[in-house]
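The values are calculated or read from the model by the stated rules, or taken from the named source; none is laboratory data. Quick caveat, the model's predicted, so the values are computed rather than measured. With ideal geometry, Cβ positions are generated from the backbone for all residues, glycine too; neighbour counts draw on all protein chains shown.
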């Protein structure tokens, strides 16, 4: 059985082989092909640092069709992160690569180490902006809203008081 995943990618540290964060994200998007068929790739966007991170991020999204179930996909993504040199030691810190399952065509998933949809994606412009480029009509199984609608709500500017 084939599964389709929306994967968020991010980097804010140089890599000895792939260079600047945008190059790291590009290389990781290419490596996703080892897990299945990459159906779509967003543009790579530049985003400000957040939390303890000190450097700007490069972010993107990809749609990957794979035979892997969600738990196996998570394990494969974490293996790929380690291969790129990621060391998990600080939440929100600088990282060579971050690969997250945001959504999957199967709806919701709740495993020991994985919850789909990703708990924070609705509040993250750096996830929604690239994701909507390639899957704007995909719906959040919990809210029923499309990625385009979630992005519009997130980025809606409050009116300026008069």
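Summary of computed values
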| item | result |
| --- | --- |
| Members of region 13-31 that are in a helix (DSSP H, G or I) and either surrounded by 14 or more Cβ atoms within 10 Å (Cβ to Cβ) or on the phi > 0 side of the Ramachandran plot (or both) | 21, 22, 23, 24, 25, 26, 27, 28, 29, 31 |
| Number of positions in region 40-66 that are touching a strand residue (DSSP E or B) at 6+ places or on another chain (Cβ under 9 Å) and either without any contact (Cβ under 8 Å) to a residue 40 or more places away in the chain or in a loop (DSSP other than H, G, I, E, B) (or both) | 8 |
| Residue in region 67-88 that is assigned to a strand (DSSP E or B), buried (at least 18 other Cβ atoms within 10 Å of the Cβ) and in contact with a helix residue (DSSP H, G or I) (Cβ under 9 Å, 6 or more places away or on another chain) present | no |
| Residue tally, condition at pLDDT 95 or above and surrounded by fewer than 17 Cβ atoms within 10 Å (Cβ to Cβ), over region 32-65 | 7 |
| Sole exception among (1) in contact with a helix residue (DSSP H, G or I) (Cβ under 6 Å, 6 or more places away or on another chain); (2) modelled with pLDDT of 90 or more for residue 114, by number | (2) |
| Subset of region 126-160 [exposed (fewer than 14 other Cβ atoms within 10 Å of the Cβ) and in contact (Cβ under 8 Å) with a residue 24 or more places away in the chain] | 142, 155 |
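Every residue, every condition in (1) in contact with a helix residue (DSSP H, G or I) (Cβ under 9 Å, 6 or more places away or on another chain); (2) assigned to a loop (DSSP other than H, G, I, E, B); (3) under 20 Å from residue 50 (Cα atoms); (4) modelled with pLDDT of 90 or more, yes or no:
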position: 94; (1), (2), (3), (4): no, yes, yes, no
position: 106; (1), (2), (3), (4): yes, yes, no, yes
position: 119; (1), (2), (3), (4): no, yes, yes, no
position: 122; (1), (2), (3), (4): yes, no, yes, yes
position: 127; (1), (2), (3), (4): yes, no, yes, yes
position: 143; (1), (2), (3), (4): yes, yes, no, yes
position: 151; (1), (2), (3), (4): yes, no, yes, yes
position: 160; (1), (2), (3), (4): no, yes, no, no
